[in-house]
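Participant: What follows is a single structure, and I will ask about it in a moment.
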Amino acid sequence: MATSVAEIKRMYVTPGKRGGGVARALLNALEQHARAMGFRAVRLDSQRHTWPIYQAAGYREIPDYNGNPHAHHWGEKRLEIDDRRDTGRAMSRENLELVQSICSAWGRGDYSPVEWAHPGIEFVVADGPSPGRWTGLAGMAEGWRSFLEAWDEFHQEADEYRELDGGRVLVFFRGSGRGKTSGLDLAQTHHQIAGVFHIRDRRVTRFLAYFDPERALADVGDHTER
């Protein structure tokens, strides 16, 4: 039998429970389990008196595939796979790869690429010495310029990525640099900084930067211990 096809070997409902939909519920549960394991179809053999149950459940008759001398019918049912789940996983992977490419450029000190950003992107520095909010590509460039000009030798390196729901990716960075006005040593005062990317159709629609990663976790509703 093909590895993409599962087989139901035996089902039994006690006489006192027959006629109440127990067999159909049990069959549904077995099919759901097979679907969750990645099978694309289910096969079974049946005697004459039970075959109508399987026919009503969508099984079509097929040739004898196992040589069972006690069976009178052999059936197969194709399982509908939830393509939305596969699509969701693919989109999640694409979002993560997009964010990783952005952070890789930032780790090299290159903030010039903007093809990943939506034209109406919202760029937010949520806390720290110079919080602010800008919109659009020109606004994002101004926000980065304002942020970077406040630091000597600013550098950030992505340390951890977390995929969130709703097309969001949370990133923890190890940052370094010294505030030009405050003299603040970022590496000494902030073990990590954080950023949250909001993504739609492979474009970042919103980016929020946090000096306090605990605030980032609270804002996104992630209560996982770090």
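Throughout, read-outs are computed from the coordinates displayed, never taken from laboratory work. Note that the structure is predicted; figures quoted are calculated from it, not measured. Here the Cβ positions follow ideal geometry from the backbone for every residue, glycine too, while neighbour counts run over all protein chains shown.
Participant: Restricting the calculation to Cα positions, tell me the Rg (one decimal) and the Dmax (whole number) of the chain in Å.
Facilitator: 28.2, 88
Participant: Could you work out [θ]222 nm for the chain from helices alone, using -39500 (n - 2.57) per DSSP H run of at least four and dividing by all its residues? Round to the nearest 500 deg cm²/dmol.
Facilitator: After summing the helix terms and dividing by the residues of the chain, the value is -9500 deg cm²/dmol.
Participant: Next question. Please state the charge dipole magnitude for the chain, taken about the Cα centre, from unit charges on C-beta atoms (+1 on K and R, -1 on D and E), reported in debye and rounded to the nearest 20. Intermediate results must be reported in sequence, preceding the final value.
Facilitator: Values: 30 positive and 32 negative charges, 283 e Å.
Here the chain has a charge dipole of around 1360 debye.
Participant: May I pose another question? With charges only on Cβ, +1 for K and R and -1 for D and E, what is the dipole size of the stretch 156-224 about its Cα centre, in debye, rounded to 20?
Facilitator: 360 debye
Participant: Most fluctuating residue of Pro119, Pro15, Pro63 in a GNM of the chain with Cα springs under 10 Å: which is it?
Facilitator: Pro15
Participant: Still on this structure, please answer the following. What is the distance, in nm, between label points placed 7 Å from the Cα along the Cα-to-Cβ direction at His70 and at Arg24?
Facilitator: 2.7 nm
Participant: Please give the length that would be gained between Glu97 and Arg40 if that part of the chain were fully extended, namely 0.36 nm times their separation in residues minus their C-alpha to C-alpha distance (nm, one decimal).
Facilitator: 17.6 nm
Participant: Would you work out the relative contact order for the stretch 5-78, in percent, from Cα pairs under 8 angstrom that are 6 or more residues apart?
Facilitator: Relative contact order for the stretch 5-78 comes out at 34 percent.
Participant: Considering the dipole of the chain built from charges on the beta carbon (Lys and Arg +1, Asp and Glu -1) around the Cα centre, which of Gly221, Val5, Val125 is farthest to its positive end?
Facilitator: With unit charges placed on the Cβ atoms, the residue in question is Val5.
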